[in-house]
Amino acid sequence: MSHPVSAPVPATRAPAHDTVIFDLGGVLIDWNPRHLFRGLIADEARMEQFLTEVCGTVWNLEQDAGRSFAEAVEDAIRRHPEHEPMIRAYHERWEEMLGGAIEGTVEILRQLHAAGTRLYALTNWSAETFPIARRRYDFLQLFEGIVVSGEERLVKPDPRIYHRLIERYRVDPRRAVFIDDSAPNALAAAHYFGMHGHVFAGPEKLKADLVGLGFPLA
């Protein structure tokens, strides 16, 4: 007697991507020194000159890499003594550089969290000032882990800081998406570790990319 042949049960395939790693400043948090200095330096051109030549990106990145603000301030004052009040304000009034959350991205983060996505953050940020952000933005609690450059004394796009996150949290980089508003940082994650690197240009584009990768976003 023949027996009916049951149809094979299709194997459940794990999603290609199950992890999202966010940069913070410029992606989830509106950090910009101009929030402070537009109120301190009335002339726009002079303000931009100060933020380029005195307390510029390279100078600030040293704090992200672990240098203390006390050392940074004294270094800048030695080089630019005429700007001492503004240099000290950069440290003493740092919190005024923080704007609000970038709400569209925060909503994406919350939806990913609700769906059970593995969530991490990898940020270039001073170890001295990051506790201010932790207190101010409650959505940072949604991350399983946050790697802060100032604590590691390494900054993106150095491959070693990505490796720290991958090893510490046992992330499979081939199943991870890395989001950063800096193209070199996003591309480094893709080049060195095979992550899907997304150069952040707004929440709508990010959402479309994540949906295309199979993440459940409304």
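What the chain shows is 53 Å² of accessible area per residue, with the surface traced by a 1.4 Å probe over protein heavy atoms.
Going through (i) 16.5, 53; (ii) 20.7, 72; (iii) 21.2, 99, the figure that equals Rg and Dmax of the Cα atoms in Å as computed for the structure here is (iii). Report in % the part of the accessible area of the chain that belongs to carbon and sulfur, leaving out ligands and nucleic acids; probe 1.4 Å. Solvent-exposed carbon and sulfur of the chain make up 52 percent of the total. Sites listed here are trypsin sites (Lys or Arg not before Pro) in region 157-218 whose DSSP assignment is loop and whose Cβ has at most 10 other Cβ atoms within 10 Å: ARG170.
Remark: the Cα gyration tensor places region 48-161 in the prolate category, a/c being 1.5 or greater and a/b exceeding b/c. From the alpha carbon centroid of region 133-189 to that of region 52-122 is 16 Å.
Across region 115-122, rounded Karplus estimates of 3J(HN,Hα) from the backbone phi angles (6.51 cos²θ - 1.76 cosθ + 1.60, θ = phi - 60°) give 7, x, 5, 6, 10, 9, 10, 9 Hz, Gly and Pro being marked x. Could you tell me whether region 102-218 comes out rounded, prolate or oblate from its Cα gyration tensor? Rule is a ≥ b ≥ c as square roots of the eigenvalues, rounded for a/c under 1.5, then prolate if a/b exceeds b/c, otherwise oblate. Here region 102-218 falls in the oblate category.
Under the criterion of Cα pairs below 8 Å and six or more residues apart, the relative contact order for the chain equals 28 percent.
The values are calculated or read from the model by the stated rules, or taken from the named source; none is laboratory data. Worth saying up front: this structure is predicted, and the values here are computed from it rather than measured. All Cβ positions, glycine included, derive from the backbone under ideal geometry; neighbour counts span all protein chains shown. Areas reflect the complete protein model, heavy atoms only, side chains present, ligands, DNA and RNA absent. Shrake-Rupley method; radii C 1.70, N 1.55, O 1.52, S 1.80 Å.
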